[in-house]
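Have a look at the structure below, then the notes.
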């Protein structure tokens, strides 16, 4: 699908608002991919896989990435905002809600973030959607797979590990997530890079079991992910630091932008519902470019 539009969203719109929006993967292709994943999950090949699709936007002029990141800074202050621009007009940027790992000495923090629902149009509808998310067997199952995997990975490395028994609601301006904060104390001084290598990708980004799910992703997704969902963050001379995962992100090259959105797929997943979830997850990046 492709459409040509003009107009923008607020002061942070790209300088030239003539643009086209297209999606390299059709809904029919998406339906086939998700249905294949659920069939393999139901057959016992794996338990969960995270699948993504791409939105491509073409402008009539170079993209104003500075305005896009300014919009994200203003609209998503609770997220980890990032911008890499290795050369002019070639950038990777986004606003991720998902912490991969934070380290201060032997103290670490991470999170399980999986399972989501859109925001409601009214306060009552919004509360109902959040409550429905908490009550959703499918979303709770998807979330538990992530938390259980993180627990298994961290237990041998930690002297203490704190994981709440129940998921919470984590609300952003456009979406609700199921969220479990996780804190621990490492047995040894490992440094954040070793821990990143050990933890990434969690089932919130790849799937479980990891190797089987990653193999399915590589075979099924028609567009390579590149930096999408990669660890992004900072570290200091002591190898302490903070890293998130680069979801809710986009690559900009001159007048073109590729935005990414992914969903966690389990045995009960419905292709139409997962498609709608990606539409919600595209919105931060589209809005950052002035596209409604």
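The values are calculated or read from the model by the stated rules, or taken from the named source; none is laboratory data. Here the structure is a predicted model, which is why all the values come from computation and not from measurement. Positions of Cβ are backbone-derived with ideal geometry, glycine not excepted, and every protein chain shown enters the neighbour counts.
I want to confirm something. Restricting to segment 158-170 and keeping residues that are free of Cβ contacts under 8 Å to residues at least 60 places away in the same chain and surrounded by 17 or more Cβ atoms within 10 Å (Cβ to Cβ), which single residue is nearest to residue 121 (Cα to Cα)? Working first, answer last.
At the first step, the residues of segment 158-170 found to be free of Cβ contacts under 8 Å to residues at least 60 places away in the same chain are 158-169.
If we keep only those that are surrounded by 17 or more Cβ atoms within 10 Å (Cβ to Cβ) as well, we get 158, 163, 167.
Working: 158: 43, 163: 33, 167: 24 Å.
In this case the residue turns out to be 167.
Restricting the search to segment 245-255, which residues are farther than 17 Å from residue 25 by Cβ and surrounded by fewer than 24 Cβ atoms within 10 Å (Cβ to Cβ)? Break it down stepwise before answering.
We begin by selecting, within segment 245-255, every residue farther than 17 Å from residue 25 by Cβ; these are 245-249, 252-255.
Those that are farther than 17 Å from residue 25 by Cβ and surrounded by fewer than 24 Cβ atoms within 10 Å (Cβ to Cβ): 253, 254, 255.
Let me spell it out: the conditions are (1) touching a strand residue (DSSP E or B) at 6+ places or on another chain (Cβ under 9 Å); (2) outside any helix (DSSP H, G or I), and residue 193 meets all of them except one. Which number is the exception?
(2)
Quick one: in segment 66-80, of everything that is surrounded by 18 or more Cβ atoms within 10 Å (Cβ to Cβ) and closer than 14 Å to residue 288 by Cβ, which residue is farthest from the chain's Cα centre (by Cα)?
Start the filter on segment 66-80 by keeping residues that are surrounded by 18 or more Cβ atoms within 10 Å (Cβ to Cβ), which leaves 67-69, 71-72, 75-76, 79-80.
With the extra rule that they be closer than 14 Å to residue 288 by Cβ, the set shrinks to 67-69, 71-72, 75-76, 79.
Numbers: 67: 22, 68: 18, 69: 17, 71: 18, 72: 15, 75: 17, 76: 14, 79: 11 Å.
Here the residue is 67.
Just need a number here: residues in segment 94-119 that are crowded, with 18+ Cβ neighbours inside 10 Å and more than 19 Å from residue 280 (Cβ to Cβ). I'd like the intermediate steps shown before the answer.
Going residue by residue through segment 94-119, those that are crowded, with 18+ Cβ neighbours inside 10 Å are 94-103, 108, 110-118.
Going one step further and asking which of them are more than 19 Å from residue 280 (Cβ to Cβ), we end up with 99-103, 108, 110-112.
Residues flagged as crowded, with 18+ Cβ neighbours inside 10 Å and more than 19 Å from residue 280 (Cβ to Cβ) within segment 94-119 amount to 9.
May I ask you to say which residue of 271, 222 is farther than 24 Å from residue 19 by Cα, touching a residue at least 24 places away in the same chain (Cβ under 8 Å) and out of contact with any strand residue (DSSP E or B) (no Cβ under 7 Å at 6 or more places or on another chain)? Working first, answer last.
Working: 222 fails: farther than 24 Å from residue 19 by Cα.
Within the list 271, 222, the selection yields 271.
From the residues in segment 233-246 that are part of a strand (DSSP E or B) and touching a helix residue (DSSP H, G or I) at 6+ places or on another chain (Cβ under 7 Å), which one is nearest to residue 69 (Cα to Cα)?
Just the residues of segment 233-246 that are part of a strand (DSSP E or B), to begin with: 233-235, 241-245.
Cutting the leftovers down to touching a helix residue (DSSP H, G or I) at 6+ places or on another chain (Cβ under 7 Å) gives us 235, 241, 243.
On the way: 235: 22, 241: 22, 243: 18 Å.
Looking at residues that are part of a strand (DSSP E or B) and touching a helix residue (DSSP H, G or I) at 6+ places or on another chain (Cβ under 7 Å), I get 243.
Scan segment 247-292 for residues that are more than 18 Å from the chain's Cα centre (by Cα), assigned to a helix (DSSP H, G or I) and closer than 21 Å to residue 66 by Cβ and jot them down.
none
Residue under question is residue 260, and the condition is that it be within 30 Å of residue 189 (Cα to Cα), in contact (Cβ under 8 Å) with a residue 12 or more places away in the chain and surrounded by 22 or more Cβ atoms within 10 Å (Cβ to Cβ); does it hold? Lay out the reasoning, then the answer.
Values: within 30 Å of residue 189 (Cα to Cα): no; in contact (Cβ under 8 Å) with a residue 12 or more places away in the chain: yes; surrounded by 22 or more Cβ atoms within 10 Å (Cβ to Cβ): yes.
Against the criterion (within 30 Å of residue 189 (Cα to Cα), in contact (Cβ under 8 Å) with a residue 12 or more places away in the chain and surrounded by 22 or more Cβ atoms within 10 Å (Cβ to Cβ)), residue 260 does not qualify.
Of all residues in segment 196-220, count the ones that are surrounded by fewer than 17 Cβ atoms within 10 Å (Cβ to Cβ) and either under 15 Å from the mean Cα position of the chain (by Cα) or in a loop (DSSP other than H, G, I, E, B) (or both).
Selection size over segment 196-220: 1.
Any residue in segment 173-182 that is surrounded by fewer than 21 Cβ atoms within 10 Å (Cβ to Cβ), modelled with pLDDT under 95 and part of a loop (DSSP other than H, G, I, E, B)?
Yes, segment 173-182 contains at least one residue that is surrounded by fewer than 21 Cβ atoms within 10 Å (Cβ to Cβ), modelled with pLDDT under 95 and part of a loop (DSSP other than H, G, I, E, B).
Find all pairs meeting these conditions: Cβ atoms under 6 angstrom apart; at least six residues apart or on different chains; first residue within segment 134-151 and within 11 Å of residue 266 (Cα to Cα); second residue assigned to a helix (DSSP H, G or I).
139/133
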